[in-house]
Amino acid sequence: IAHLIPNNTNIKWYDMATGGMALAVSDVLISGTYYATQTLNNCESVGRTPVTVTIQDTPAPAVSDREFCISENATIAHLIPNNTNIKWYDMATGGMALAPSNVLVSGTYYATQTLNNCESISRTPVTVIIHNTPAPTAVNQEFCIAEGKTINDLAVNGSNVKWYNVLTGGTALNSTTVLTTGTYYVSQRVENCTSSRKAIAVFVLSTAAPLYSSLEVCEGSSSPHVLDGDA
């Protein structure tokens, strides 16, 4: 009752148009009609002014659990973009509303909504999962140039892997790209989240043909000798 006209001791409130007892200032308001009198010169008014009180009981918002990739650097603002009626907390009751710029981590957040300038008392729990997909596992590899190996021949332990010739950015290499000596970078995609890239050294070995000089062997001899002019 004290909230109807704060700090005004001349006003008395009733829950009926006539008769009854004045309500205590500590009585909790509910939606309905209250009746006010005022007292001046020690005389209370006979007439009572009806006042309609509406208690807004704002429901908690209907929001769903969310998942993000760690590479998105998602913040509170990403949970329900462009909705200024929603406030987020890191506890079920109490605490301070989180700033839109707060970076999300895996855990539970709690949402209220404000309608008609009234924030909901209850809070909706929302589970947030931040996927941190690890890079696939692979080791340095060697091939012979005669084999004509391609990206598709590289051994790697991962799901939905892609190979690049740069650590970041760039375009994934086609699986038919012929390998050359150098560093390749591989990522994997799990739960719709792409990992960082792992560097793999690839060596394509080009073995030279052996060098032989022309030889002359005498019949019956087991000891050949180099012909004149041959190196």
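No value in this document is a laboratory result; all are computed from the given coordinates. Note that the structure is a prediction, hence the values are computed from the model and not measured. As a convention, Cβ positions derive from the backbone with ideal geometry for all residues, glycine included, and neighbour counts pool all protein chains shown.
Kirkwood hydrodynamic radius for the stretch 97-223: how many Å is it when counted over pairs of different Cα atoms? Display every interim value, and only then the final one.
Numbers: mean 1/r = 0.0501 Å⁻¹.
Kirkwood hydrodynamic radius for the stretch 97-223: 20.0 Å.
Could you work out the Kirkwood radius for the stretch 1-135, taking every pair of different alpha carbons, averaging 1/r and inverting it, reported in Å?
One over the average 1/r among Cα pairs gives 18.5 Å for the stretch 1-135.
Measure out, as a whole number of angstrom, how far apart the alpha-carbon centroids of the stretch 68-122 and the stretch 8-27 sit.
Each part reduced to its Cα centre gives a spacing of 41 Å.
Dimensions of the stretch 98-156 along principal axes (Cα, Å, largest first)?
76, 18, 17
Using DSSP to define loop residues, name the chymotrypsin sites (Phe, Trp or Tyr not before Pro) in the stretch 91-169 whose beta-carbon has at most 12 other beta-carbon atoms within 10 Å. If you can, show how the numbers build up before the last one.
On the way: sites: TYR109, TYR110, PHE143, TRP163, TYR164; in loops: none.
In loop regions of the stretch 91-169 (DSSP not H, G, I, E or B), there are no sparsely surrounded chymotrypsin sites (Phe, Trp or Tyr not before Pro).
Considering the dipole of the chain built from charges on the beta carbon (Lys and Arg +1, Asp and Glu -1) around the Cα centre, which of PHE68, ASN10, VAL156 is farthest to its positive end?
About the Cα centre, the residue reaching furthest to the positive side is ASN10.
So for the chain: antiparallel DSSP bridges make up what percent, rounded to the nearest 5?
80 percent
Within the chain, which is the longest segment that contains none of the GluC sites (Glu not before Pro) sitting in a DSSP loop with at most 11 other Cβ atoms within 10 Å?
That gives 1-190 as the longest site-free run.
For the chain, just give the cysteines left without a disulfide-compatible partner, judged by no other Cys Cβ under 4.7 Å.
CYS43, CYS118, CYS144, CYS218
Taking every eigenvalue of the Cα gyration tensor of the chain, multiplying by 5 and rooting it, what semi-axes result, largest first, whole Å?
88, 12, 11
Rounded to a whole number of µm²/s, how large is the Stokes-Einstein D of the stretch 149-197 at 25 °C and 0.890 mPa s, given Rh as the Kirkwood radius over C-alpha pairs?
D = 219 µm²/s.
With the calculation restricted to Cα positions, what are the radius of gyration and Dmax of the stretch 55-160 in angstrom?
In Å, with Rg to one decimal and Dmax whole: 22.5, 83.
Where in the stretch 157-195 does the label zone of ILE145 land, with the point 7 angstrom along Cα→C-beta and an amide N cut-off under 18 Å?
178-183
For LYS198, go through the lysines and keep the ones whose alpha-carbon is under 19 Å away, minus same-chain ones fewer than eight residues off.
Of all the lysines, those that pass the test against LYS198 - Cα under 19 Å, at least 8 places apart if same chain - are LYS162.
Could you pull the Rg and Dmax for the stretch 9-73, using just the Cα atoms, both in Å?
Gyration radius and largest Cα-Cα distance of the stretch 9-73: 22.5, 72 Å.
Nearest 5 percent is fine: what portion of the DSSP beta bridges confined to the stretch 133-216 is antiparallel?
If we restrict to bridges inside the stretch 133-216, about 75 percent are antiparallel.
I want to verify a result. In a Gaussian network model of the chain, Cα cutoff 10 Å, which of these has the top mean-square fluctuation: THR49, THR58, THR84?
THR49
What does the charge add up to near GLY32, with Lys and Arg as +1, Asp and Glu as -1, over the other residues with Cβ less than 15 Å from its Cβ?
-2
Applying 1/(1 + (r/R0)^6) with R0 = 41 Å to the Cβ-Cβ distance of LEU4 and ASP65, what FRET efficiency is obtained, to the nearest 0.05?
Between LEU4 and ASP65 the formula returns 0.50.
Name the aspartates and glutamates eligible as straight-distance cross-link partners of LYS12: C-alpha to C-alpha under 17 Å, and not fewer than 8 places from it in the same chain.
Qualifying aspartates and glutamates at Cα under 17 Å: ASP27, GLU44.
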